[in-house]
Amino acid sequence: MAGMYDVAIVGCGITGAALAYELSKYQVKTVVLERGNDVAYATTRANSAIVHAGYDPEPGTMMARLNVRGNALIEQLAQTLDVPYQKIGSFVLALQPEDQETLRALYNRGVQNGVPELRLLSREEALAMEPALSPDVLGALYAPSAGIVSPWELCLALMEAAVQNGAELRLMHEVTGVEKTEEGYALQTPQGPVHSRFVVNAAGVDAAKVHAMAAPADFTIAPSRGEYYLLDKNQGQLVSRVIFQCPSKVGKGVLVAPTVHGNLIVGPNAEPVGQGHDTATTGQGLDFVRQQALKSVPGVNFRESIRNFAGVRANSDCDDFIIREAPGAPGFIDLAGIKSPGLTSAPAIAEEAVALLQGCGLALLPNEEFRAYRRKIRFKELPVEEKQALIRRDPRFGRVICRCETITEGEIVAALHSPIPPTTLDGVKRRCNAGMGRCQGGFCSPRVQEIISRELGLPMEQVLLGDLGTVILTGRTKSDKQGGLA
């Protein structure tokens, strides 16, 4: 059939992007269908950004195995694809006497899972390594292999590499129906059907809905919302590692951690939400996060908060990741319930999915032309001599647009002409950090909007802030039309 794909991936969060990247190593015709107007549209852009060590999942689960494997893969991928990543390690704190038993259990679990170099620290050792911890700390579990990453940049880099190696990305292609055909499946979208021999469901909080289009429902997604504070860079050095509290049934607790961009992130809580895409923040939720964080690191100055945000976890009614061929739907693969440590596990989940597809009959001939190398210009990180040489070659790198983050016009233009160009202010922000600083775009947003309009040939009114419907300008004034603005 003309237009038949080998594999159609539903969803371009970190799981879908990692799979597209892995499949692009082979001669496989892949298409990724994403309902949003950019990659990393949902959970991937709003999470803790932690590369977990792997001591938390129950031994013997897919979570345990894929967490540890994914931790190692992300370190390699970040280097290959020039993604901000730091292996800084993590602490889990004992703040109550009963927490000491939990730490010992986590240590033993981590040893079984193959987590390297785990150590149980005394109170004195923990405070010596992290002086800002609460003086009430009784001890800590130290995992040196934990890290931090830019999750949306990792997702974007994986998908860019996949596209450059032959995969196809279709944004604003929500899957509304799945029909079994003689050759495979027909996926219905508002833009028309997409035909594929195999389908992979990586739809995050919508995974149960997509599954039910192809096979009887046998799992549910019960999304929960986590709210966060992002603090200014003057708080970024308060701790040098990821600081967790002892985990509970609802999650790993409120964490305090540096980010790869030099800020401090604090959160999340865990609140069930009826709507899987409800990312509103609440005074009650944020107050809970603040109170809990101060138990771990009492010196956090929440007056330095520059942004609050929330993300939604795709919790399922299964205690493990759901990674399998869907019963009753041959060639339809579920990658569902990918909650924490889903970000860390994504590259390993991709390997698992490729093996499943091969078992279903997908031929995996190597892509002899596969290339994975990416380097980004981050102007403010360059030595003075390189900055001067770059400006001589392209004067746009000498014009700073975002003063908070020192992001130049040259970097914004490069993002707009990348393999997956953004069309929104938030898309530019995720690619080069313009608008990510203290003023959160208050100064640079109009200039970024003008550059997007100019480079992409879009009327200013069509340049959105982020998601569909986030209109910035609704029209021109009479004076504009008479010659005030071009």
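Please report the relative contact order for the chain, taking Cα pairs under 8 Å with a sequence separation of at least 6, and give it as a percent rounded to a whole number.
Values: 1071 pairs, mean separation 90.4, N = 486.
Over the chain, the number comes to 19 percent.
Could you work out the Kirkwood radius for the range 1-65, taking every pair of different alpha carbons, averaging 1/r and inverting it, reported in Å? Working shown, then result.
Numbers: mean 1/r = 0.0711 Å⁻¹.
It is 14.1 Å.
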Problem - Loop-located trypsin sites (Lys or Arg not before Pro) in the range 148-253, at most 16 other Cβ atoms within 10 Å (DSSP) - result: Lys249
Handout entry: Sites Leu365 and Glu182, calculated FRET efficiency, Cβ-Cβ separation with R0 41 Å, nearest 0.05
Key = 0.95
Problem - Carbon and sulfur %, accessible surface of the chain computed with the full protein complex present, 1.4 Å - result: 51
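Does the range 101-199 come out rounded, prolate or oblate, given a ≥ b ≥ c as the square roots of the eigenvalues of its C-alpha gyration tensor, rounded meaning a/c under 1.5 and, failing that, prolate meaning a/b above b/c?
prolate
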Exercise for the section: Step through the residues of the range 276-286 one at a time and calculate ³J(HN,Hα) from phi using the Karplus curve (6.51 cos²θ - 1.76 cosθ + 1.60, θ = phi - 60°), rounding each to whole Hz and writing x for Gly and Pro. Expected result: x, 10, 7, 10, 6, 9, 10, x, 5, x, 5
Fill in the blank from the handout: Residues whose built amide H sits under 5 Å from the amide H of Leu464, excluding neighbours closer than 5 in sequence, are Leu425
Fill in the blank from the handout: Phi-derived 3J(HN,Hα) across the range 306-320 with the Karplus relation (6.51, -1.76, 1.60, θ = phi - 60°), rounded Hz, x for Gly and Pro, is 10, 6, 10, 8, 9, x, 10, 8, 8, 5, 10, 8, 10, 7, 9
Exercise for the section: Compute the FRET efficiency between Glu117 and Phe302 as 1/(1 + (r/R0)^6), taking r as their Cβ-Cβ distance and R0 = 30 Å, and round to the nearest 0.05. Expected result: 0.35
Practice task
Pop a pseudo-label 7 angstrom from the Cα along the beta-carbon direction at both His417 and Gln79 and give the gap in nm to one decimal.
Solution key: 3.2
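For a quick check of your reading of the filter: which GluC sites (Glu not before Pro) in the range 355-403 sit in a DSSP loop and have no more than 10 other Cβ atoms within 10 Å? Provide the component values of the computation, followed by the final result.
Working: sites: Glu368, Glu369, Glu381, Glu385, Glu386; in loops: Glu368, Glu369.
For GluC sites (Glu not before Pro) across the range 355-403 that sit outside H, G, I, E and B with at most 10 neighbouring Cβ atoms in 10 Å, the list reads Glu368, Glu369.
Any idea of the accessible area per residue across the range 11-105, 1.4 Å probe, to the nearest Å²?
Details: 3180 Å² over 95 residues.
Per residue, the range 11-105 has an accessible area of 33 Å².
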Completion exercise
Residues meeting the amide H criterion for Gly253 (H placed from the backbone, H to H distance under 5 Å, 5 or more places apart or on another chain) are Ser248
Problem - Overall Cα dimensions of the range 1-112, principal axis frame, Å, largest first - result: 65, 28, 26
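Where does the chain land on Rg/Rh, using Cα atoms and the Kirkwood Rh?
In the chain, Rg relative to Rh is 0.97.
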Fill in the blank from the handout: per DSSP, antiparallel bridges as share of beta bridges in the chain, % nearest 5, sits at 70
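Extension gain Asp218-Leu468, at 0.36 nm per residue separation less the Cα-Cα distance, in nm?
Working: separation 250, 0.36 × 250 = 90.00 nm, distance 3.16 nm.
Full extension from Asp218 to Leu468 adds 86.8 nm.
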Exercise for the section: With a 1.4 Å probe and every protein chain left in place, work out the accessible area per residue of the range 278-346 in Å², rounded to a whole number. Expected result: 41
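Which GluC sites (Glu not before Pro) from the range 44-110 combine a DSSP loop assignment with at most 10 other Cβ atoms within 10 Å? Before the final figure, lay out each step's value.
On the way: sites: Glu75, Glu98, Glu101; in loops: Glu98.
In loop regions of the range 44-110 (DSSP not H, G, I, E or B), the sparsely surrounded GluC sites (Glu not before Pro) are Glu98.
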Practice task
With a Förster radius of 41 Å, plug the Cβ-Cβ distance of Arg476 and Leu294 into 1/(1 + (r/R0)^6) and report the FRET value to the nearest 0.05.
Solution key: 0.25
Practice task
Work out, step by step, the length gained on full extension between Met129 and Arg438: first 0.36 nm times the residue separation, then minus their alpha carbon distance; give nm to one decimal.
Solution key: 108.4 nm
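How much accessible area per residue does the range 352-431 have, in Å², with a 1.4 Å probe?
On the way: 4310 Å² over 80 residues.
On a per-residue basis, the range 352-431 sits at 54 Å².
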Problem - Volume of the Cα convex hull of the range 146-225, divided per residue and given in Å³ - result: 155
Handout entry: Amide hydrogen neighbours beyond the local backbone of Ile401, cut-off 5 Å, H modeled
Key = Ile407, Thr408, Glu409
Practice task
Find how much the distance from Glu450 to Lys87 grows on full extension, using 0.36 nm per residue of separation minus their present alpha carbon separation; answer in nm with one decimal.
Solution key: 126.9 nm
Handout entry: Rg and Dmax of the range 406-451, Cα atoms only, in Å
Key = 9.5, 29
Problem - Paired Rg and Dmax values of the range 367-486, which use every Cα atom, in angstrom - result: 16.2, 58
Exercise for the section: For the range 451-465, just list the computed ³J(HN,Hα) in residue order, Karplus coefficients 6.51, -1.76 and 1.60, θ = phi - 60°, integers in Hz, with x standing in for Gly and Pro. Expected result: 5, 4, 4, 5, 6, 9, x, 9, x, 3, 5, 8, 7, 8, 6
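What does the C-alpha gyration tensor say about the overall shape of the range 331-391? Classify as rounded when a/c is under 1.5, otherwise prolate if a/b is larger than b/c, or oblate. Provide the component values of the computation, followed by the final result.
On the way: a/c = 5.67, a/b = 2.08, b/c = 2.73.
Since a/c reaches 1.5 but b/c is at least a/b, the shape of the range 331-391 is classed as oblate.
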Fill in the blank from the handout: Sorted by number, the cysteines in the chain with no other cysteine beta-carbon under 4.7 Å are Cys12, Cys155, Cys246, Cys318, Cys360, Cys404, Cys432, Cys439
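The values are calculated or read from the model by the stated rules, or taken from the named source; none is laboratory data. The structure presented is a predicted model; accordingly, all values stated were derived computationally and were not measured. Here Cβ is always computed from backbone atoms with ideal geometry, including for glycine, and neighbour counts include all displayed protein chains. Note: accessible area is taken over every heavy atom of the protein model, side chains too, but ligands, DNA and RNA are not part of it. Shrake-Rupley method; radii C 1.70, N 1.55, O 1.52, S 1.80 Å.
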